[in-house]
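Read the structure below first, then the notes.
Computed from the coordinates by the stated procedures, all read-outs in this text should not be read as laboratory data. If you're wondering where the values come from, they're calculated on a predicted model, not measured in any experiment. Reconstructed Cβ throughout: ideal geometry from the backbone, glycine too, with neighbour counts over all protein chains shown.
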Amino acid sequence: MNFSEFFPVWDKLKIEEREKIKASAFDRTFRKGTLLHRGSDECTGLLLIRSGQIRAYTTSPDGKEITLYRLLERDICLFSASCIINSLSFDITLSAEKNSEVTVIPADVYKKLMNESAPLANFTNEIMASRFSDVMWLIEQIMWKSFDKRLAAFLIEESNIEESLTLKITHEAVGNHMGSPREVVTRMLKYFADEGLVTLSRGTIAITDPQRLNSLALS
C-alpha cells in the first residue's frame, strides 16, 4: 500500500516512524450495510479508505439519524480514533454505504507517533479542522436553509457521488441522511415531481431537470 497517497507529510516522517505505521497497519473489508464504528466509547483506530464509501452519522436519543459527511476513496477517518486526541468525545457512527476496503492504523500506535512527530500532528489537526468545518456547514444548512433547498442540494450531491441522474435510494434513506421524517421527504419529493424536477418510482429517484434542481439548491 502507498501510504503517501493518504499522508501528504509522508516524506517528512522519519524512516522509523514510517516503518511503525507500515508494521502496525492492517486491512479490513466491509460489506455494504456493515457498522464499522459506533459511539465515542470505541476507539477503532485511524481508518484509511482504500475503496468504497463510508457514511459518518449521529443519532438522536429518539433514534433520528443525520449524516455528518461521507468518506470516499483516499479519505481518512479521524473520529473513529477520537481517543488519540485529549478531551475529544465525538459520538459518531460509521457504516459502509458500499462494499469498502480500509486500512486500519491502531489508535495507540498513531497517538504515540503523533506525539513525537510535529508534521504528523499538524496534518492530523488539519483533518480534524476540516471535519469540524463539515459539521458546522451542516448545522448552518439546517438552521438557515429551507428544506426544499437542502433536499435539492442533497440530490445533486448524491448524483455527483453516484455519477448518475438515477438514484437508487428510498425516501426513508434520504430522511436518515437529512435528519428528517420520511413523510416530510415524500411530500417534498412529490412537489419536486409535480414541478418536473424529478420522477419517482419504487426505490428510485430520477433527476429530470438537474439545472433547475441545482439552481434551487444554490438559491
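In whole angstrom, note down how far apart the Cα centers of segment 146-219 and segment 90-140 are. After rounding, the separation between the Cα centres reads 29 Å. Just so you know, the averaged projected area of the alpha carbon convex hull for segment 145-218 sits at 4.2 nm².
For the chain, the mean residue ellipticity at 222 nm estimated from helices alone is -13500 deg cm²/dmol, where every DSSP H run of n ≥ 4 contributes -39500 (n - 2.57) and the total is divided by all residues, rounded to the nearest 500. Pairs of alpha-carbon atoms within less than 8 angstrom and 6+ residues apart define the contacts here; what relative contact order does the chain have, in percent? About 21 percent, as a whole number. Shown for the chain: cysteine residues without a partner Cβ closer than 4.7 Å, namely CYS77. Counting only alpha carbon atoms, the long axis of helix 182-194 and the longest principal axis of the chain meet at about 60°. Based on alpha-carbon atoms, the Kirkwood radius and the radius of gyration of segment 7-62 give Rg/Rh equal to 1.06.
Relative to the longest principal axis of the Cα atoms of the chain, the long axis of helix 118-144 lies at roughly 20 degrees.
I need to check one value: relative contact order of segment 1-89, counting alpha carbon pairs closer than 8 Å and at least 6 residues apart, in percent. Across segment 1-89, relative contact order equals 27 percent.
Of the trypsin sites (Lys or Arg not before Pro) found in segment 1-45, those that fall in a DSSP loop while having at most 11 other beta-carbon atoms within 10 Å are ARG31. Helix 147-162 and the long axis of the chain differ in direction by around 60°, with both axes built from C-alpha atoms. As an exercise, identify the trypsin sites (Lys or Arg not before Pro) in segment 148-177 lying in DSSP coil whose Cβ has no more than 14 other Cβ atoms within 10 Å. Those that pass, being in a loop and sparsely packed, are LYS168. Label-to-label distance, ARG18 versus THR166, with points set 7 angstrom from Cα along the beta-carbon direction: 4.6 nm. Among the listed pairs LYS20/LYS98; LYS149/LYS190; LYS98/LYS190; LYS32/LYS145; LYS20/LYS111; LYS32/LYS190, those with a Cα-Cα distance over 21 Å are LYS20/LYS98; LYS98/LYS190; LYS32/LYS145; LYS32/LYS190. Its Kirkwood hydrodynamic radius, worked out from the mean inverse distance over all distinct Cα pairs, puts the chain at 18.8 Å.
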